[in-house]
1. Give the relative contact order (percent, whole number) for the chain; include only Cα pairs under 8 Å separated by 6+ residues.
2. If I take R0 = 35 Å and measure r between the Cβ atoms of HIS373 and ILE114 in this structure, what FRET efficiency does the formula 1/(1 + (r/R0)^6) give, to the nearest 0.05?
3. Using the beta-carbon distance between ASN122 and LEU155 and R0 = 60 Å, what value does 1/(1 + (r/R0)^6) give for FRET efficiency, to the nearest 0.05?
4. What lysines does LYS394 reach when the alpha-carbon gap must be under 16 Å and sequence neighbours fewer than 8 apart in one chain are set aside?
5. Going by average Cβ density within 10 Å per residue, which order do the peptides 366-378, 444-456 take, highest to lowest?
6. Of all chymotrypsin sites (Phe, Trp or Tyr not before Pro) in region 385-477, which ones are in loop regions per DSSP and have a Cβ with at most 13 other Cβ atoms within 10 Å?
7. Roughly speaking, what is the stretch gain from TRP29 to SER493, that is 0.36 nm per residue apart minus the C-alpha to C-alpha distance, in nm to one decimal?
8. Per-residue counts of other Cβ atoms within 10 Å, averaged by peptide: what ranking do you get for 162-168, 196-202, 328-334, highest first?
Amino acid sequence: MATPPKISKDLSTLAVIRRLIRDYVSRQWGLLVLAVFCMLLTSAMGGAIPWLVNSVTKQIFMRHMGEWLLPLSLAAFGIMALRAASLFFGKMTIDSLGERAVARAQGDMFGSLIQRDLADLNAVHSGQFVSNFIYDATLMRDALTQGVAAIALELVQLFVYVGYVLLSDWQLGLASLLALPGVAWAMERLGGSMRRAATRGMQETGDLSVVLSEAMDGRRVIKAYGLEAHSVSRVEARLAARLNTLLKAVRLRAAAAPMTDIFAGLVIAIVLFFAGYQNLHGQLTLNTFFAFLTALLLAQQPVRNLSQLWPTASAGIAAASRMFAAIDARPRIVSPPGAKKLKVAAPTNGTKGGAVSFRDVSFSYQGDATLDHVTLEIPAGRKVALVGPSGAGKTTIFNLLLRFYDLNGGSIAIDGQDIHEVTLESLRAAIGVVSQEAILFDESVAANIALGRPGASQKQIEQAARDAAAHDFILELRSGYDTSVGEGGLKLSGGQRQRIAIARAMLRNAPILLLDEATSALDTTSERQVQEALSRLMQGRTTIVIAHRLSTVQDADQIYVLDRGRITESGNHEALIARGGLYAQLYRHNLTEPEPV
Ligand SMILES: Nc1ncnc2c1ncn2[C@@H]1O[C@H](COP(=O)(O)OP(=O)(O)OP(=O)(O)O)[C@@H](O)[C@H]1O
Ligand SMILES: [Mg+2]
């Protein structure tokens, strides 16, 4: 996440591991046991090969015992086959355990993310989010698949060898173990650097995907303005920054094994010194010394392996810790405990709508007041318009009614119920929104309309499309209602997308309707079609319209003029023109403005 997740304490390494095991590995103990068993079997079969060579040499080449020839040859094949099988199952089980755990963690991460407040979602660039989502998951998977089981195995081997070392000569053994704390210290330092490098790598991968996705989203502008070279240099800069961090990680990983070798050198020096000393004083025999040295050299291998695994594990722990932070983050805007559903009054004289009232509402995004003691009354079933200069706070009024943000002062009510006291779902279910930007998903046209009411029948979908003046052009598409809309709805014109969005709102059939400059991006013909669809949609609903083109709101029952967060005028079109204030000025300006094409 680009936003620091709001949790008080950072999880320690141990806490992260415990949680990983508790939440994502423990449901798969069977797989884990199988994986470890297979790995043990693999190494046992690896050890059986020298034994076999030894037997062959002894029984056949030295003793010339012909009857052993076939069994030993078969055994050689058997061992290799068993080793191959255990290798296969071991790798498969541990990898699938890792993949499953990561897929579940990603599911949890997205599930938590999509619940978060709009303000938090706005703070993260979508490119950054996607990259973190995949980057951290990959690190975590690598740590799980290459780390967990392998580290456990190496630790077991290490304990066996260390026991061996201590048994063969405990004084010498203790002397040689003096280096272990040093190794542990070095590994922890390395792990810390690796965690930092992984975090930076994640950030830089995120930054890179931001410029990549911006370039793709902005491809029309890039082409039209000839910004290809500019784009390339932005991407190159990100690539260079990321490469730096990746190279640092490469150095850290490469340093791991040599670092333990330095400590191994130290151990050898210590052992040689003590062994020589003991031998000079007649306390150490040659065969004890050799047995000891063999065990010591064997013990070095797991230490070396562990030091190489640890950077991967460290990076994975850092990633898992970030994923947990994202999973734990909670929205602040939630239904209050024990909240009732919003009840929009039953239809009277043909209206479906609810009355909306803003009382003395004040709000700021950050710092300066965006809305300053705003009071609005919107009677049930009426059409009210909000007009005013850009940045006046019109869209903010919608954001507050939808409870995307909470107020700093005042109250908002629908049919007398404070919107902060009803459930969030019922509040948002009562409101339909059509905005300038018609968001379509990469699904079929029918599926896009059906988003308005999950489970809607084909007949209902088509009826909504007819009401939205979209049915005819939909039938002309290659596969009609089953045509895929394509990335960002690019295969459709602006007006067509808008009408699909209106059909969606039709199907939703919400009693309150918010239109945020729904027609300002369209040409005149398109606008007329969309305007007709919208009038049908508005029928009988409480509608709040934001429009820059004042011609579209002249018929509103009431017009509120908003300027720098305050309501400065209100009344119907004629009254406001007669008043000769900001509205009249905006209107005159509007008339002389050329129609957009
Ligand atoms: N998410 C946000 N975070 C911080 N400030 C914001 C945010 N959204 C809007 N603002 C600020 O709040 C003020 C009001 O914005 P708002 O979007 O409500 O204006 P508007 O009247 O809808 O303008 P326009 O006609 O250009 O759409 C502006 O100064 C804007 O910069
Ligand atoms: Mg706006």
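1. The value is 14 percent.
2. Efficiency, rounded to the nearest 0.05: 0.55.
3. Efficiency, from the Cβ-Cβ distance: 0.85.
4. LYS383
5. Numbers: 366-378: 16.3, 444-456: 18.5.
Those peptides, ordered most packed to least, come out 444-456, 366-378.
6. When the chymotrypsin sites (Phe, Trp or Tyr not before Pro) of region 385-477 are filtered for loop state and at most 13 Cβ neighbours within 10 Å, PHE441 remain.
7. 161.7 nm
8. Working: 162-168: 17.3, 196-202: 20.7, 328-334: 14.1.
Sorting 162-168, 196-202, 328-334 by mean packing, highest first, produces 196-202, 162-168, 328-334.
All of the numbers you see were taken from the coordinates with simple rules; none came from a lab. Just so it is clear, the structure is predicted and the values come from calculations on it, not from any experiment. Quick reminder, even Gly has a Cβ in these numbers, built from the backbone with ideal geometry, and neighbours come from all protein chains shown.
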